[in-house]
Amino acid sequence: MAEVKEQPSNNRLLVGREVRRWRRSRGLTLAQVGDRSGLNIGYLSQIENDKAIPSLEALGAIASALDVPPAWLLLDSATPPQIVYAADRPKTKGPGGSMMTEVDGHTSRDVCILEAIVPPGHSTGAHTHNGDEHHVVLAGRWRMTQGDHSVELGPGDYIAWDPTIPHDVENIGDTEGRLLIVYPRRGRREGPDGARE
C-alpha cells in the first residue's frame, strides 16, 4: 500500500492580523484579551502571529473579548479602499450644456455616482431611465420636475424619484449649478424620442 503524504494546506483561515488590529484599536493588551476570553496569553500571541488557528469556540471568545462579530475576524482588511481623484474622473458632455463627471470612476459595482455641472439657465431635458435616482444639490438653485410635480431646491437639499417617469433638472440660478446624482449602475437614460443615450 502506498504511503499518503499530507500536503501543506494553503486554505488556512488566518485571523492573526485582524485579531491584532482589533485588539490594538480597542487599546487592549494580550493579557486583557486573555482575561476577557479565558484564553492564555501564549496561545493568543500564537494566533496573532498566525502560528495557531483558533477553534470556532476560541474565535468566538476572542471576538466577544474584542466586542466585534466573529465574522469580522475572518475579513481581510488589508484590501485598500478605492480612490478616484477629482482630476482623474471620467468626464462627458451631458445634455443642455452640462458636464458630467463620474465621481466613482466606474469603480462601484452597483451604483453610478455622478456630479453634474450645469450652466445657468440650462436643463437636462425630459428623460427616463431605470432604477431609483437620488440627487443632492451641491451648489446653485434648481427646479426639479417629475411628471406633474415641480420643486425648487438649493444647496444641501435632497430629492429622490422614480426615474421611469419623465423628469427634468434645470439650473434656475444665475451661477453654475452642481448636483450629486446616484442611480443604479444599470440605469440608462432615454430621451424623449425613446432612444437610449
For region 86-184, rounded, prolate or oblate, judged on the Cα gyration tensor with a ≥ b ≥ c (square roots of eigenvalues), a/c < 1.5 rounded, else prolate if a/b > b/c?
-> oblate
Starting at the first residue of region 28-35, write each ³J(HN,Hα) from the Karplus equation 6.51 cos²θ - 1.76 cosθ + 1.60 with θ = phi - 60°, in whole Hz, x for Gly and Pro.
-> 9, 8, 4, 4, 5, 5, x, 4
For region 126-160 versus region 60-93, the gap between their alpha-carbon centres in whole angstrom = 31
Return the calculated 222 nm mean residue ellipticity for the chain, to the nearest 500 deg cm²/dmol, obtained by summing -39500 (n - 2.57) across DSSP H runs with n ≥ 4 and dividing by the residue count.
-> -5500 deg cm²/dmol
Return a whole-number percent for the relative contact order of the chain, with Cα pairs under 8 Å and 6 or more residues apart as the contact set.
-> 17
Given a Förster distance of 22 Å, the FRET efficiency implied by the Cβ-Cβ spacing of Ala31 and Trp72, rounded to the nearest 0.05, works out to 0.50
Expected vector for region 95-111, Karplus 3J(HN,Hα) from phi with 6.51, -1.76, 1.60 and θ = phi - 60°, integer Hz, x for Gly and Pro, equals x, x, x, 7, 10, 10, 10, 8, 4, 7, x, 6, 8, 7, 7, 10, 10
Computed E for Tyr85/Ser108 - FRET, C-beta separation, R0 22 angstrom, nearest 0.05 | 0.90
Mind checking the full-extension length gain between Val151 and Asn49? Use 0.36 nm per residue of separation minus the Cα-Cα distance, one decimal, nm.
-> 30.8 nm
If you plug each phi of region 164-177 into the Karplus form 6.51 cos²θ - 1.76 cosθ + 1.60 with θ = phi - 60°, what whole-Hz ³J(HN,Hα) values come out, in order, with x for Gly and Pro?
-> 6, 8, x, 9, 9, 10, 10, 7, 9, x, 9, 10, 4, x
Amide H contacts under 5 Å for Gly173, restricted to residues at least 5 apart in sequence or on another chain and with H modeled in the peptide plane, are Gly121, Arg141
Would you mind classifying region 16-74 by shape? Square roots of the alpha carbon gyration tensor eigenvalues, ordered a ≥ b ≥ c; an a/c under 1.5 is rounded, otherwise it is prolate if a/b is larger than b/c and oblate if not.
-> rounded
Specify which residue in the list Trp161, Ile62, His134 is farthest towards the positive end of the charge dipole of the chain, using unit charges on the beta carbon of Lys, Arg (+1) and Asp, Glu (-1), about the Cα centre.
-> Ile62
Tell me the label-point distance for the pair Arg185, Arg12, using the 7 Å Cα-to-Cβ offset, in nm and rounded to one decimal.
-> 3.4
Work out the length of the dipole vector of region 86-184 about its Cα centre, built from +1 on the beta-carbon of each Lys and Arg and -1 on the beta-carbon of each Asp and Glu, and round it to the nearest 20 debye.
-> 280
Taking only C-alpha pairs under 8 Å that are 6+ residues apart, what is the relative contact order of region 86-184 in percent?
-> 33
The chain: C-alpha gyration tensor shape, a/c 1.5 cut-off, then a/b vs b/c = prolate
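Rule-based calculations on the coordinates, nothing more; no lab input. Every value quoted in this text rests on a predicted model; they were computed, and no experiment measured them. All Cβ positions, glycine included, derive from the backbone under ideal geometry; neighbour counts span all protein chains shown.
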